[in-house]
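Asks: Structure below; questions to follow.
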Amino acid sequence: MTTLANYLNTHANHPALNDVITTVTDVGKTISQLLRKGALADILGEAGNQNVQGEDQKKLDVLANDLLLDALAKNAHCAGVASEELDDATPANPDGSLLVLFDPLDGSSNIDINMAVGTIFSILPYQRQGQNSENSDFLQAGNQQLAAGYLLYGTSTVLALTITDNVVMFSLDPDTNEYVLIEENVQIDADTSEYAINASNYRYWRAPMQQYIDELIAGKTGVRGRDFNTRWVAAMVGDVHRILCRGGLFTYPFDTKDANKAGKLRLMYEANPMSLLIERAGGAATDAVNRILDIVPNDIHQRVPVVLGSRNEVAYVKDLHVKHADK
Ligand code: AFP
C-alpha cells in the first residue's frame, strides 16, 4: 500500500512542493468530513454574500476558502495564495518559493443536493523571494505549473495529482484517513463517444460549436457515422474525473450569454490545473483553437473557453473552429 506521504517522499524531489501539497490535501480531509456531515454540520445554504464573480456563495464555499487560506498562510513555503473566491491574491510568507491557486469548492450548486463537488489546485513557482507577493506574480502561463490536482468529494474522496510527467490517483481511506494510491499512470483513450456540455446555452455558441454538437446529436445518421452519449455533472471536477477514468470530451465553450465573459470557466483556478492533468494523461486541452497551457493571463480571474479530453475528439473540435475562421 502506498500512501500519499510515501509517494511524495519518493517521487517529488522538491520538499517545498511536498509540504504544500500535504497542506492542501490535509484541508481536503476536513472538507470531506464536513460534506459527509452535510446538513448536520450546518454548512448548507447561502452565506448571504457574493464572490468576486458576482455569484452567491454557499456557506461551504466560504468555509473551504477560509480553511485553505489559513492553512497555506501558515506554510513557510507558500509565498502567496489566490482563490477563485477572493478579489485579490493574499500574500503569505515572502521567503516561500511557491504560489498556490485554488477553487475551494467547485460545483457549489451541487452542495445542497448531495452531489459531487471538489477542490481544484495549481502550484506555480514564486520568482521574487524576500518580497511580498502581488497579483502580478501569479500571471504565469499554465505550462509553468509545478503541480496541479483536484480532490473530488463524491461517493468516495479521490485525489488526482500531477507532480512529475504522469497523473496519479489516491482514494481517501475512511478508516485510516490516509490517501492511498489507486492508479499510478492514468491514461485517456484518444477516441471517445461521450461528451459533456451544458446544451441549454446552444443559442449563445459560435457556429462551429453548434455544428459540432449537431453532428454528435445526428450520431449514426450524420457525418460522424456513430452514436454519441452525453453526461453533465455541473461540477468540472466530476466531468474531468470521469474523463480521466474512461475518456470523453468536456467543453464549456465561448458563448455570448454575458458580454463580459469569454466562457464561464476560470483560466487559473479551473482550466490550467485541469489542462495539465489532462495533457499529462495523454489528452488535449484547448480554448477551441489554442493550447490552454500556453495562454499568458492578464488577470487572475480571467475566464476562458475550454475544450478538453480525448485528444482526437479535441482535435476534431479545433479543426471545425480553424476551418470556420478561415472562411
Ligand atoms: P460553481 O463552482 O460556481 O458551481 O461552477 C461550477 C462550474 O464552474 C464548473 O465546475 C461546471 O462545469 C460549470 O460551472 C457548470 O456550469 P452550468 O451551471 O452553467 O452548467
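The values are calculated or read from the model by the stated rules, or taken from the named source; none is laboratory data. Quantities reported herein were computed from a predicted structural model and do not represent experimental measurements. Positions of Cβ are generated from backbone atoms using ideal geometry, with glycine treated the same way; all protein chains shown enter the neighbour counts.
Asks: Regarding Ser122, is this residue of a type in the set (Ser, Thr, Tyr) and out of contact with any helix residue (DSSP H, G or I) (no Cβ under 8 Å at 6 or more places or on another chain)?
Replies: Details: of a type in the set (Ser, Thr, Tyr): yes; out of contact with any helix residue (DSSP H, G or I) (no Cβ under 8 Å at 6 or more places or on another chain): no.
Judged against the criteria, Ser122 is not a match.
Asks: While we're here: For the range 251-262, give me each residue that is within 16 Å of the chain's Cα centre (by Cα), within 10 Å of the ligand (Cβ to nearest atom) and under 18 Å from His301 (Cα atoms). Steps first, please.
Replies: Taking the range 251-262 first, the residues within 16 Å of the chain's Cα centre (by Cα) are 251-253.
Still in the running and within 10 Å of the ligand (Cβ to nearest atom): 251-252.
Passing the criteria: only Tyr252.
Residue by residue, here is whether (1) within 14 Å of the ligand (Cβ to nearest atom); (2) in contact (Cβ under 8 Å) with a residue 12 or more places away in the chain; (3) closer than 26 Å to Val186 by Cα holds:
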site: Thr221; (1), (2), (3): no, no, no
site: Ala235; (1), (2), (3): yes, yes, yes
site: Leu249; (1), (2), (3): yes, yes, yes
site: Asn290; (1), (2), (3): no, no, yes
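Asks: Quickly run through the range 181-219 and pick out the residues that are away from the ligand (no atom under 16 Å from the Cβ), surrounded by 15 or more Cβ atoms within 10 Å (Cβ to Cβ), under 20 Å from Arg246 (Cα atoms) and among the acidic types (Asp, Glu).
Replies: Answer for the range 181-219, where residues must be away from the ligand (no atom under 16 Å from the Cβ), surrounded by 15 or more Cβ atoms within 10 Å (Cβ to Cβ), under 20 Å from Arg246 (Cα atoms) and among the acidic types (Asp, Glu): Glu183, Asp189.
Asks: May I ask you to list the residues in the range 61-87 that are more than 20 Å from Gly130 (Cα to Cα), not small (Gly, Ala, Ser) and not in a helix (DSSP H, G or I)?
Replies: Glu84, Glu85, Leu86, Asp87
Asks: Check whether at least one residue in the range 4-22 is at pLDDT below 95, outside any helix (DSSP H, G or I) and surrounded by 15 or more Cβ atoms within 10 Å (Cβ to Cβ), and report yes or no.
Replies: Checking the range 4-22: at least one residue is at pLDDT below 95, outside any helix (DSSP H, G or I) and surrounded by 15 or more Cβ atoms within 10 Å (Cβ to Cβ).
Asks: With respect to the numbered conditions (1) touching a residue at least 24 places away in the same chain (Cβ under 8 Å); (2) in contact with a helix residue (DSSP H, G or I) (Cβ under 9 Å, 6 or more places away or on another chain), which one is the sole condition not fulfilled by Gly130?
Replies: (2)
Asks: I need the full set of residues from the range 281-303 which are buried (at least 18 other Cβ atoms within 10 Å of the Cβ) and part of a strand (DSSP E or B), in order please.
Replies: The answer is Ala284, Ala285, Thr286, Arg303.
Asks: Would you pick out the residues in the range 171-193 that are touching a Ser or Thr at 6+ places or on another chain (Cβ under 8 Å), among the aliphatic types (A, V, I, L, M) and either without any contact (Cβ under 8 Å) to a residue 60 or more places away in the chain or over 21 Å from Thr30 (Cα atoms) (or both)?
Replies: The answer is Ile182, Ile188, Ala190.
Asks: Still on this structure: Could you please find all residues in the range 111-136 being over 17 Å from the mean Cα position of the chain (by Cα) and more than 16 Å from the ligand (Cβ to nearest atom)?
Replies: If the condition is that a residue be over 17 Å from the mean Cα position of the chain (by Cα) and more than 16 Å from the ligand (Cβ to nearest atom), then Pro125, Tyr126, Gln127, Arg128, Gln129, Gly130, Gln131, Asn132, Ser133, Glu134, Asn135, Ser136 are the ones that fit.
Asks: From the list Gly309, Gly283, which one is among the small types (Gly, Ala, Ser), touching a helix residue (DSSP H, G or I) at 6+ places or on another chain (Cβ under 7 Å) and within 16 Å of the ligand (Cβ to nearest atom)? Please lay out each step first, then the result.
Replies: Numbers: Gly283 fails: within 16 Å of the ligand (Cβ to nearest atom).
The match here is Gly309.
Asks: Could you say which residue among Val317, Val304 is of a type outside the set (Gly, Ala, Ser), touching a Gly at 6+ places or on another chain (Cβ under 9 Å) and closer than 20 Å to Ala199 by Cα?
Replies: Values: Val317 fails: touching a Gly at 6+ places or on another chain (Cβ under 9 Å).
Just one listed residue meets the conditions, Val304.
Asks: A further question follows. Would you pick out the residues in the range 88-110 that are over 19 Å from Thr25 (Cα atoms), within 16 Å of the ligand (Cβ to nearest atom) and not hydroxyl-bearing (Ser, Thr, Tyr)?
Replies: Matches in the range 88-110: Asn110 only.
Asks: Within the group Leu172, Leu181, Leu139, Leu151, which residue is modelled with pLDDT of 95 or more, closer than 23 Å to Arg36 by Cα and within 18 Å of the chain's Cα centre (by Cα)?
Replies: Details: Leu172 fails: within 18 Å of the chain's Cα centre (by Cα); Leu181 fails: within 18 Å of the chain's Cα centre (by Cα); Leu139 fails: closer than 23 Å to Arg36 by Cα.
Among Leu172, Leu181, Leu139, Leu151, only Leu151 is modelled with pLDDT of 95 or more, closer than 23 Å to Arg36 by Cα and within 18 Å of the chain's Cα centre (by Cα).
Asks: Scan the range 223-233 for residues that are in contact with a Lys or Arg (Cβ under 8 Å, 6 or more places away or on another chain) and either more than 16 Å from the ligand (Cβ to nearest atom) or β-branched (Val, Ile, Thr) (or both) and jot them down.
Replies: Arg226, Asp227, Val233
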